[in-house]
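Undergrad: So that we are looking at the same thing, I have put the structure below in structure tokens.
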Amino acid sequence: MPDPDLTRLRTESEAAILGADAPALEALRVGLLGKSGQITALLKALGIMDPEARKARGAEVNELKSAITAALEARKTVLDEAALNAALTAERIDISAPPRPEASGTIHPISRTMEEIAAIFGAMEFTIKDGPDIEDDWYAFGALNIPSHHPARAMMDTFYLNASIGNRPALLRPHTSSVQIRTMVSEKPPIRILVPGRTYRSDHDATHSPMFHQSEGLVIGEGITLGHLKGCLIDFLRAFFDNPNLPVRFRASYFPFTEPSMEVDIGWNRKTGEIGAGGDWLEILGSGMVHPNVLANCGIDPRQYQGFAFGVGIERITMLKHGIADLRLFYESDIRWLRHYGFSPLAPAALHEGI
Ligand code: PHE
């Protein structure tokens, strides 16, 4: 004969479970099956019964327990699914909504030129080198065959600092040539380096800024000749100006650290500013075979090793390539100018096919 109390407990509990929300369901579970829950108490009570009675009663209480457990689980599944559906509806993404514009910056033309130069010389297996902006006068001048009080120092209007490094005067490097010295002092040939970086001279007008950028190049090895210098620079200039027929001219010049020294000119039209056309020449970089004194100053035997060096002004070639008339615009951080002359960060630096 089933216990009417148990039957009632089951009917009432099942009804309550069916109507419960999540917190009520948890309260019901605790009240029925928790440590001091009603069904738990019924199960505990079985322990003090005699075996005969416990058998019948045990079966009945356990069936009640299974039924209630199943009802609780079924209701929990229903509630969980409802909660998930509500979240999916509330958090739906509208894929037809127009994207919000993203503010993306541009690559500064100076940085772009440095990247392009690095790509072109990188293809010729040059390594990029860096050096300090503050130098002592041995790295900037002395080792480069420009002794103190030599008139050649006046070629570069140098900023001297009110300080010294060791017992040598400290200065802002007027050219990146100091890094060829640092490299030759610390490395053995063969050397093939490119040194883009900031340089400083006391000069300020539409085509000069007290801070500007140069890139030095240096190649040292056995049997390096003027032919290598010419081939390397012709390839570079034709790649950079993206013109395989760009006229290039080498003109004898003077630098204390190279012998012979050459200024390099490219063909252009003075009237229109067009590069590679017209019968005019435009000076674009300085170069030469590294002076034997410079090699010796750096501990390299000039009878065994030869090499060439060059220096190119980054602002200058950037202005020419992109038709920028005033160098001061590079540093004004005018956002409209930067948007107009800047480059997409996604466009890779171009490499000339011939390289
Ligand atoms: N250092 C020279 C300058 O700043 C450029 C140069 C570099 C010339 C290397 C010859 C060789 O004007």
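The values are calculated or read from the model by the stated rules, or taken from the named source; none is laboratory data. Everything numeric in this text was worked out from a predicted model, so none of it was measured. Reconstructed Cβ throughout: ideal geometry from the backbone, glycine too, with neighbour counts over all protein chains shown. We work out accessible area using only protein heavy atoms, side chains counted, and drop any ligands, DNA or RNA first. Shrake-Rupley method; radii C 1.70, N 1.55, O 1.52, S 1.80 Å.
Undergrad: Here's a check for you: in the stretch 230-267, which residue that is among the charged types (D, E, K, R) and open to solvent by 40 Å² or more (accessible area, probe 1.4 Å) is farthest from the ligand (Cβ to nearest atom)?
TA: Initial filter on the stretch 230-267 (among the charged types (D, E, K, R)): 230, 235, 238, 242, 249, 251, 259, 263, 265.
Of the ones still in play, those that are also open to solvent by 40 Å² or more (accessible area, probe 1.4 Å) are 230, 235, 238, 242, 249, 251, 259.
Numbers: Lys230: 14, Asp235: 17, Arg238: 20, Asp242: 24, Arg249: 16, Arg251: 13, Glu259: 10 Å.
If we take residues in the stretch 230-267 being among the charged types (D, E, K, R) and open to solvent by 40 Å² or more (accessible area, probe 1.4 Å), then Asp242 is farthest from the ligand (Cβ to nearest atom).
Undergrad: Give the residue, chosen from Arg57, Arg29, that is of a type in the set (Lys, Arg) and closer than 26 Å to Ala83 by Cβ.
TA: Only one candidate qualifies: Arg29.
Undergrad: Can you report the number of residues in the stretch 67-86 which are under 54 Å from the mean Cα position of the chain (by Cα) and either exposed (fewer than 10 other Cβ atoms within 10 Å of the Cβ) or of a type in the set (S, T, N, Q) (or both)?
TA: 2
Undergrad: Which is farther than 30 Å from Tyr341 by Cα and either open to solvent by 70 Å² or more (accessible area, probe 1.4 Å) or at pLDDT below 90 (or both), of Glu102, Glu91?
TA: Details: Glu102 fails: farther than 30 Å from Tyr341 by Cα.
Only one candidate passes the filter, namely Glu91.
Undergrad: Right, another one. Residues to consider are Gly307, Gly311, Gly286; find the one that is closer than 16 Å to Ile224 by Cβ and crowded, with 18+ Cβ neighbours inside 10 Å. Steps first, please.
TA: Details: Gly311 fails: closer than 16 Å to Ile224 by Cβ; Gly286 fails: closer than 16 Å to Ile224 by Cβ.
Exactly one residue qualifies, and that residue is Gly307.
Undergrad: Could you tell me which numbered condition Ser261 fails, if it satisfies all but one of (1) farther than 21 Å from Asp235 by Cα; (2) out of contact with any helix residue (DSSP H, G or I) (no Cβ under 8 Å at 6 or more places or on another chain); (3) among the polar types (S, T, N, Q)?
TA: (1)
Undergrad: State the number of residues belonging to the stretch 144-187 that are open to solvent by 50 Å² or more (accessible area, probe 1.4 Å) and either in contact (Cβ under 8 Å) with a residue 40 or more places away in the chain or part of a strand (DSSP E or B) (or both). Give the steps one after another, and end with the answer.
TA: Here is the first cut: in the stretch 144-187, the residues open to solvent by 50 Å² or more (accessible area, probe 1.4 Å) are 147-151, 154-155, 157, 159-169, 182, 185-187.
This time we only want the ones that are either in contact (Cβ under 8 Å) with a residue 40 or more places away in the chain or part of a strand (DSSP E or B) (or both), so: 150, 157, 159-165, 168-169, 182, 185.
Here the count works out to 13.
Undergrad: Then there's this: Just to be sure I understand, how many residues within the stretch 129-143 are in contact (Cβ under 8 Å) with a residue 60 or more places away in the chain and either of a type in the set (Phe, Trp, Tyr) or within 15 Å of the ligand (Cβ to nearest atom) (or both)?
TA: Result for the stretch 129-143: 5.
Undergrad: Let me confirm something: among Ser261, Ser178, which residue is of a type in the set (Ser, Thr, Tyr) and more than 29 Å from the chain's Cα centre (by Cα)?
TA: Result of the check over Ser261, Ser178: Ser261.
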